[in-house]
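K.L.:
Handing you this structure, nothing more for now.
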Amino acid sequence: MSFMEIRQTNQQIVLNLLKLATFLLFAGRAWQHLFWDAPFRALLWDQQWMEGIIHFFSGGTWQEYVTSEKADHAIGMVTVGFGIFYSLMAILTLFVSEKFKRVQWLYIVASVALFFLAFLYTKEKFYHVGQFLEYSIQFSLPVLFIMAVRRELDFDRLKLLLKITIALTFSAHGLYAIGVYPQPGAFVDMVINVFHINEAAAKVFLKVAGVLDFVIAVAIFIPRVSRIALLYAIIWGGLTALARTWANFYWSFPLDSLHQHLYETLYRLPHMLVPMAAYFLSLRSEKQPKGTRKN
């Protein structure tokens, strides 16, 4: 196989991985918004932020607003509306190609929506910066995907941007694992349920994993070890995504278990697929003939 054939094959693999990652991201978030919930109330029920706005537009009191079934129904409809939007974006992603010249703005809107969702989760977690950065892959992915499809990013720049989002996501995850922020009980429970170890051992496991998250966040930028680091990110990103379903699956009610937790796995699978795309981009660079590689 010639260099040009190898290059074209790797490019197509990268685009397919990004397409799959973007589809799963939208599908998972659509599932969440349509059937479960999203943290819109973290903002819309915040008296300090919203009381003046509610009083200005409705003239009612804060107590009337937060106890109103009509207001609660409206928030539910907003959540469903986002779910419908993510569903349509998932379908569009399956068919989008370089020929689709007028859809880029939809992916920008989707990234803004996911950015806003990351902010809402951060607000719920007392504005921990790490909570926000943990979603870096997710809110960046739609724009990076459509720009790659439209050939508006060369593959060297795409690789760098993907690595930046990987580093931010993994290091932010590590902040919780090592205890800079309180270790989430959900993290500890998942480790206990998956490995059947006690709580103390689970906390130690998380700290080790957190240190490795930081190592990987740096190592993916070091040429000599970049591919090894990306391979680890692929494996660890996939395992942490699958753990959301595996740790909460019960054979006594399998369909309910899947319905309650599988969507969490879907929108986290990009944490595996994006490092995989970066890995294939690294292979592409290494297979480039001497004298053609960029400095």
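The values are calculated or read from the model by the stated rules, or taken from the named source; none is laboratory data. Please read these numbers as outputs of a predicted model, since none were measured by experiment. Cβ: placed from backbone, ideal geometry, glycine included. Neighbour counts: every protein chain shown. These accessible areas exclude ligands, DNA and RNA; they are computed on the full protein's heavy atoms, side chains included. Shrake-Rupley method; radii C 1.70, N 1.55, O 1.52, S 1.80 Å.
K.L.:
Which residue pairs have Cβ atoms closer than 6 Å, lie 6 or more positions apart in sequence or on different chains, and pair a first residue in the stretch 57-72 that is within 16 Å of Asp46 (Cα to Cα) with a second residue that is aliphatic (A, V, I, L, M)?
P.N.:
If the second residue must be aliphatic (A, V, I, L, M), the pairs left are Tyr65/Ile54; Tyr65/Ala71.
K.L.:
Considering only residues of the stretch 100-127 that are more than 19 Å from Phe170 (Cβ to Cβ) and β-branched (Val, Ile, Thr), which is least open to solvent (accessible area, probe 1.4 Å)?
P.N.:
Val103
K.L.:
Has the stretch 142-152 got any residue that is more than 16 Å from Asn16 (Cα to Cα) and modelled with pLDDT under 95?
P.N.:
We begin by selecting, within the stretch 142-152, every residue more than 16 Å from Asn16 (Cα to Cα); these are 152.
Now drop any that are not modelled with pLDDT under 95, which leaves 152.
Yes, the stretch 142-152 contains a residue that is more than 16 Å from Asn16 (Cα to Cα) and modelled with pLDDT under 95.
K.L.:
Have a look at Gly130, Gly60 and point out the one that is surrounded by 12 or more Cβ atoms within 10 Å (Cβ to Cβ) and part of a helix (DSSP H, G or I).
P.N.:
Gly130
K.L.:
Specify which of the listed residues (Leu43, Leu88, Leu24) is within 27 Å of the chain's Cα centre (by Cα), over 16 Å from Leu266 (Cβ atoms) and in contact (Cβ under 8 Å) with a residue 24 or more places away in the chain.
P.N.:
Numbers: Leu88 fails: in contact (Cβ under 8 Å) with a residue 24 or more places away in the chain; Leu24 fails: over 16 Å from Leu266 (Cβ atoms).
None of the others qualify; the one that does is Leu43.
K.L.:
Does the stretch 260-280 contain any residue that is of a type outside the set (Lys, Arg), more than 30 Å from Leu158 (Cα to Cα), out of contact with any strand residue (DSSP E or B) (no Cβ under 8 Å at 6 or more places or on another chain) and modelled with pLDDT of 95 or more? Step through it out loud before you land on a result.
P.N.:
Of all residues in the stretch 260-280, those of a type outside the set (Lys, Arg) come to 260-267, 269-280.
If we keep only those that are more than 30 Å from Leu158 (Cα to Cα) too, we end up with 260-261.
Then drop every residue that is not out of contact with any strand residue (DSSP E or B) (no Cβ under 8 Å at 6 or more places or on another chain), which leaves 260-261.
Then drop every residue that is not modelled with pLDDT of 95 or more, which leaves 260-261.
The answer is yes; a qualifying residue exists.
K.L.:
From Phe205, Phe221, Phe126, grab the single residue that is of a type in the set (A, V, I, L, M, F, W, C), over 18 Å from the mean Cα position of the chain (by Cα) and at positive phi.
P.N.:
Values: Phe205 fails: at positive phi; Phe221 fails: at positive phi.
Sole residue among the options that is of a type in the set (A, V, I, L, M, F, W, C), over 18 Å from the mean Cα position of the chain (by Cα) and at positive phi: Phe126.
K.L.:
Still on this structure: Evaluate the following for Leu20: is it in contact with a helix residue (DSSP H, G or I) (Cβ under 9 Å, 6 or more places away or on another chain), open to solvent by 30 Å² or more (accessible area, probe 1.4 Å) and under 21 Å from Met276 (Cα atoms)?
P.N.:
yes
K.L.:
List the pairs whose first member sits in the stretch 102-119 and is modelled with pLDDT under 95, whose second member is open to solvent by less than 60 Å² (accessible area, probe 1.4 Å) and assigned to a helix (DSSP H, G or I), and whose Cβ atoms are under 7 Å apart, counting only residues at least 6 apart or on separate chains?
P.N.:
If the second residue must be open to solvent by less than 60 Å² (accessible area, probe 1.4 Å) and assigned to a helix (DSSP H, G or I), the pairs left are Val103/Leu92; Gln104/Ile146.
K.L.:
Still on this structure: Which of the residues belonging to the stretch 194-219 are out of contact with any helix residue (DSSP H, G or I) (no Cβ under 8 Å at 6 or more places or on another chain) and not hydrophobic (A, V, I, L, M, F, W, C)?
P.N.:
Answer for the stretch 194-219, where residues must be out of contact with any helix residue (DSSP H, G or I) (no Cβ under 8 Å at 6 or more places or on another chain) and not hydrophobic (A, V, I, L, M, F, W, C): just His196.
K.L.:
Please find, among Arg284, Arg293, the residue that is over 24 Å from Phe35 (Cβ atoms), at pLDDT below 95 and either open to solvent by less than 50 Å² (accessible area, probe 1.4 Å) or part of a helix (DSSP H, G or I) (or both).
P.N.:
Residue meeting the stated conditions: Arg284.
Residues checked against (1) in contact with a Phe, Trp or Tyr (Cβ under 7 Å, 6 or more places away or on another chain); (2) over 30 Å from Ile216 (Cα atoms):
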site	(1), (2)
Gly83	no, yes
Leu94	yes, yes
Gln104	no, yes
Ile108	no, no
Phe119	yes, no
Val129	no, no
Ser136	no, no
Leu144	no, no
Leu160	no, no
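K.L.:
Let me ask another. Which residues, taken from the stretch 63-99, are open to solvent by less than 40 Å² (accessible area, probe 1.4 Å), part of a helix (DSSP H, G or I), out of contact with any helix residue (DSSP H, G or I) (no Cβ under 6 Å at 6 or more places or on another chain) and of a type in the set (Gly, Ala, Ser)?
P.N.:
Gly76, Gly81
K.L.:
Same structure, new question: Just the residues that are of a type in the set (Asp, Glu) and part of a helix (DSSP H, G or I), please, taken from the stretch 133-160. Give the steps one after another, and end with the answer.
P.N.:
Kept after step one, since they are of a type in the set (Asp, Glu), are these residues of the stretch 133-160: 134, 152, 154, 156.
Listed by number, the list holds a single entry, Asp156.
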